[in-house]
Ligand SMILES: *Cc1c(COP(=O)(O)O)cnc(C)c1O
């Protein structure tokens, strides 16, 4: 059986976890957390990075820093993971979903402006499959209307837009290190903070509303409760697992891109015949091989394809059920404009196995089975 995903493992993880344990310092903000933060700051060029317990929590932290209040509106695509919306719903916001572009499956930047009302507080671009949203346009609109931009860059580490890393355009960028992402710590994430002014408030919320981070730096002689907060810092054992992969980030990235390119080359014959559609990476976007997806003709062809692959021991999956059509989506949000592409395109999309360690022979086998499936359909 070829699994859809295998969590990344490079070999050094257990040594680093042992090191954390032997230091007798396994709570948050230990040595490996610092190493990860510094690595991510250096790699992305952001002002500050703080590791969090998940990307979901990074977005929650961002929503708190944006001071989202009941009645505020937040604009995002409907084609995304639930966490993008959940974090703002917890603050009482109304979610305003807009349609996606069919080429990248990202929010259509040309539909943002008409969705803005005097209640709008933030725009939340999701960089689907590690391919950037049109950030020039999005930042221009945000600046014009004085809105926050919180980037859901859960899938976007190591990707760039016009040379600049994803997650560094808006006030806040949120990364995921869940086991299904390019680099993992089991469950985990990070918040990238663009502006100096948000560093201290973020540290306080992340540390239960205390100024403990300042205390550890020796800036205050005892720490106290200074604001509302929660606990968004991961254990140093988890950070140790992640650090082993960050050290090999380039190699992992290259390996994923090689697999992605192989799928693209193999399946392009079908695309040229108009039988399937392949992902589009616009000029100026460099992606990270996070995901390889293809689009079948419609939902019934997709179901048949997934079943065909399963009988050939290949696990492929689809996602997302558009949020605006879900029970919670109806309760907490509304769709602005027409759903031209969100539902239709999401019903056609299938993701193929792609993980660090998948061989090119396996990618060829999977491609062959897809080609075989379409041969039976002419
Ligand atoms: C994975 C993912 C998340 C959630 O990440 P967690 O670290 O599991 O909380 C949020 N948004 C998108 C687009 C994702 O792909």
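We did not get these values from a lab; they are worked out from the coordinates using the rules stated. Here the structure is a predicted model, which means the values were calculated and not measured. Cβ sites come from the backbone with ideal geometry, for glycine too, and all protein chains shown count toward neighbours.
So the values come out like this:
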read-out: Contact order relative to length of the stretch 161-220, as percent, for alpha carbon pairs under 8 angstrom and 6 or more apart; value: 22 percent
read-out: Rg/Rh for the stretch 257-378, where both radii come from Cα atoms and Rh is the Kirkwood radius; value: 1.00
read-out: Rounded tilt (10° steps) of 13-22 against the dominant C-alpha axis of the chain; value: 20 degrees
read-out: Global form of the stretch 201-242, assessed from the alpha-carbon gyration tensor, a/c cut-off 1.5; value: oblate
read-out: Cα long-axis angle, helix 360-375 against the chain (0 to 90 degrees, to the nearest 10); value: 50 degrees
read-out: Inter-site label distance for residue 110 and residue 300 at 7 Å from Cα along Cβ, in nm; value: 3.3 nm
read-out: The stretch 1-62 shape via C-alpha gyration tensor axes, a/c threshold 1.5; value: oblate
read-out: Theoretical ellipticity at 222 nm over the chain - DSSP helices of four or more residues, -39500 (n - 2.57) apiece, nearest 500; value: -11500 deg cm²/dmol
read-out: For q = 0.17 Å⁻¹, Debye-computed log10 I/I(0) when each Cα of the stretch 201-308 counts as one equal scatterer; value: -0.90
read-out: Extended-chain gain in nm, criterion 0.36 nm per residue less alpha-carbon gap, residue 90 and residue 334; value: 86.2 nm
read-out: R0 of 41 Å, Cβ-Cβ distance residue 18-residue 146: FRET efficiency to nearest 0.05; value: 0.25
read-out: Within the stretch 70-149, percent of DSSP bridges classed antiparallel, to nearest 5; value: 10 percent
read-out: For the chain: rounded, prolate or oblate by the Cα gyration tensor [a/c cutoff 1.5]; value: oblate
read-out: Cβ crowding within 10 Å averaged over residues, with 21-32, 249-260 ranked highest first; value: 249-260, 21-32
read-out: Crossing angle, helix 236-247 versus the chain [Cα axis fit, 0-90 degrees, rounded to tens]; value: 50 degrees
read-out: Mean-position separation - Cα centroids, the stretch 310-378 and the stretch 38-55, in angstrom; value: 30 Å
read-out: Theoretical gain in end-to-end length, residue 365 to residue 327 [0.36 nm per residue, Cα-Cα removed]; value: 9.8 nm
read-out: Distance between modelled label sites at residue 258 and residue 221, nm, 7 Å Cα→Cβ extension; value: 5.8 nm
read-out: Inter-label distance for residue 6 and residue 139, nm, one decimal - labels placed 7 Å from Cα along Cα-to-Cβ; value: 3.9 nm
